[in-house]
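First the structure, in the form of structure tokens, and then the observations on it.
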Amino acid sequence: MSERIGWWKFHRKIWDNPYMNKPAYLAVWCWLLSEAQWQEGKRILFCGKKLVLSEGQLTCGRKQISNATGVPSGTVYRILEMLKNEQQIEQRT
């Protein structure tokens, strides 16, 4: 998905979030951050449609996240639901 170049950082206050002391939650959150677009205008073909991704957007599925992080697919689903409920992410299907 990404070219695996560049870097990103996060604040120490991440540990104030009660979910971040759970390795699976941290792994999924970090994967989402690392895969999100960092600049405007990346053009992709997704499900036969041309899309232009904005900063912070990405296309993925829970099986892809599971394969990349080693977190079981069902756990990824629960983590994504929690992140959505906490308004940390938005999902479009």
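Stretched out fully, how many nm does the piece from GLU55 to ASN85 gain, at 0.36 nm a residue minus the Cα gap?
Working: separation 30, 0.36 × 30 = 10.80 nm, distance 2.13 nm.
Length gained, GLU55 through ASN85: 8.7 nm.
Before anything else, pin down the relative contact order of the chain: Cα pairs under 8 Å, at least 6 apart, normalised by residue count, whole percent.
20 percent
Express in nm, to one decimal, how much length is gained between TYR19 and TRP7 on full extension, taking 0.36 nm for each residue of separation and deducting their alpha carbon distance.
So the extension gain works out to 2.0 nm.
About the Cα centre, and with charges only on the beta carbon of Lys, Arg (+1) and Asp, Glu (-1), how big is the dipole of the chain? Nearest 20 debye, please.
180 debye
Mind checking which of ASN17, LEU83, TRP31 is farthest towards the positive end of the chain's charge dipole, using Cβ charges of +1 (Lys, Arg) and -1 (Asp, Glu) about the Cα centre?
With unit charges placed on the Cβ atoms, the residue in question is TRP31.
Grab the DSSP H runs of the chain that are 4 residues or longer, score each as -39,500 (n - 2.57), total them, divide by all residues and round the 222 nm result to the nearest 500 deg cm²/dmol.
Helix contribution divided over all residues of the chain: -11000 deg cm²/dmol.
So, by mean Cβ neighbours within 10 angstrom, what's the order for 47-60, 74-87 with the highest one leading?
Highest mean packing first, the order is 74-87, 47-60.
Name the long-range amide H neighbours of LYS42: under 5 Å, sequence gap of 5 or more, or other chain; modelled H, no Pro or chain starts.
Residues meeting the amide H criterion: LEU53.
Values in this text are rule-based calculations from the coordinates and carry no lab data. In this text the structure is predicted, and so the values were computed from the model without any measurement. As a convention, Cβ positions derive from the backbone with ideal geometry for all residues, glycine included, and neighbour counts pool all protein chains shown.
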